[in-house]
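Peer 1: Below is the structure I would like to discuss, written out as structure tokens.
The values are calculated or read from the model by the stated rules, or taken from the named source; none is laboratory data. In this text, all values refer to a predicted model and were calculated from it rather than measured experimentally. Heads up, the Cβs are rebuilt from the backbone with ideal geometry, glycines too, and the neighbour counts pull from every protein chain shown.
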């Protein structure tokens, strides 16, 4: 991504250091991914002007179609964020934001809590193999066990 001429950009309480690749809010570092920093740099450098989709794709993703389309495909299939059934635009905006929040939360938990063997699974695969399979809760004395079918996920994976 081409870096604007200025070494840093300030907008509201935020300071975007383009050379050091960091974002701070009131001098407190904000954890942001590399791609998000690229998007922020392009939008902040536009000084309030509209940045079109093609310009954003050219500057940030360098037309890497697969990079941008895979998360969109996961969102459509796993989270069904294209189901915007409200009649008002504002209500659909809130609904879409909730879907994106659910996608980000599920993606965060996927990378945080799953064993290394399944961290690469997409959210659609996780939904199909973990959520949509039969299971039952069994009580024995003081212990409670969740038993699920071993068709899709081997038992040794979660021990």
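Peer 1: Cβ contacts < 7 Å: first residue modelled with pLDDT under 75, restricted to segment 130-145; second residue assigned to a strand (DSSP E or B) and surrounded by 10 or more Cβ atoms within 10 Å (Cβ to Cβ), any location; separation 6+ or different chain. Result?
Peer 2: Every condition considered, the pairs that remain are 133/148; 134/148.
Peer 1: Does residue 62 satisfy the condition of being more than 21 Å from residue 104 (Cβ to Cβ), out of contact with any helix residue (DSSP H, G or I) (no Cβ under 6 Å at 6 or more places or on another chain) and modelled with pLDDT under 80? Walk me through it before giving the result.
Peer 2: Working: more than 21 Å from residue 104 (Cβ to Cβ): yes; out of contact with any helix residue (DSSP H, G or I) (no Cβ under 6 Å at 6 or more places or on another chain): yes; modelled with pLDDT under 80: yes.
So residue 62 passes the test.
Peer 1: Could you tell me which of the residues 49, 15, 70 is under 23 Å from residue 128 (Cβ atoms) and either at pLDDT 75 or above or out of contact with any helix residue (DSSP H, G or I) (no Cβ under 9 Å at 6 or more places or on another chain) (or both)? Give the steps one after another, and end with the answer.
Peer 2: Numbers: 49 fails: under 23 Å from residue 128 (Cβ atoms); 15 fails: under 23 Å from residue 128 (Cβ atoms).
Criteria check complete, one pass: 70.
Peer 1: May I ask you to list pairs of residues, at least six apart or on different chains, whose Cβ atoms are under 8 Å apart, with the first in segment 96-111 being more than 15 Å from residue 127 (Cα to Cα) and the second being in a helix (DSSP H, G or I) and at pLDDT 80 or above?
Peer 2: Pairs found: none.
Peer 1: Of everything in segment 20-35, what is within 24 Å of residue 57 (Cβ to Cβ) and surrounded by fewer than 12 Cβ atoms within 10 Å (Cβ to Cβ)? Give them in sequence order.
Peer 2: 33, 34
Peer 1: For segment 82-95, state whether one or more residues are part of a helix (DSSP H, G or I), modelled with pLDDT under 75, loosely packed, with under 14 Cβ neighbours inside 10 Å and over 13 Å from the mean Cα position of the chain (by Cα).
Peer 2: Step one: of segment 82-95, the residues part of a helix (DSSP H, G or I) are 89-95.
So of that shortlist, the ones also modelled with pLDDT under 75 come out as none.
No - not one qualifying residue is present in segment 82-95.
Peer 1: Looking at (1) closer than 21 Å to residue 33 by Cβ; (2) modelled with pLDDT of 80 or more; (3) exposed (fewer than 11 other Cβ atoms within 10 Å of the Cβ), which one does residue 55 not meet, given that it meets all the others?
Peer 2: Going through the list (1) closer than 21 Å to residue 33 by Cβ; (2) modelled with pLDDT of 80 or more; (3) exposed (fewer than 11 other Cβ atoms within 10 Å of the Cβ), residue 55 breaks only (3).
Peer 1: Go through segment 22-46 residue by residue and tally those that are under 22 Å from residue 108 (Cα atoms), in a loop (DSSP other than H, G, I, E, B) and at pLDDT 80 or above.
Peer 2: Count: 1.
Peer 1: Taking only pairs six or more apart or across chains, which ones have beta-carbon atoms under 9 Å, a first residue in segment 26-41 that is without any contact (Cβ under 8 Å) to a residue 12 or more places away in the chain, and a second residue that is not in a helix (DSSP H, G or I)?
Peer 2: Cβ pairs passing all conditions: 29/22; 29/23; 31/23; 32/22; 32/23; 36/23.
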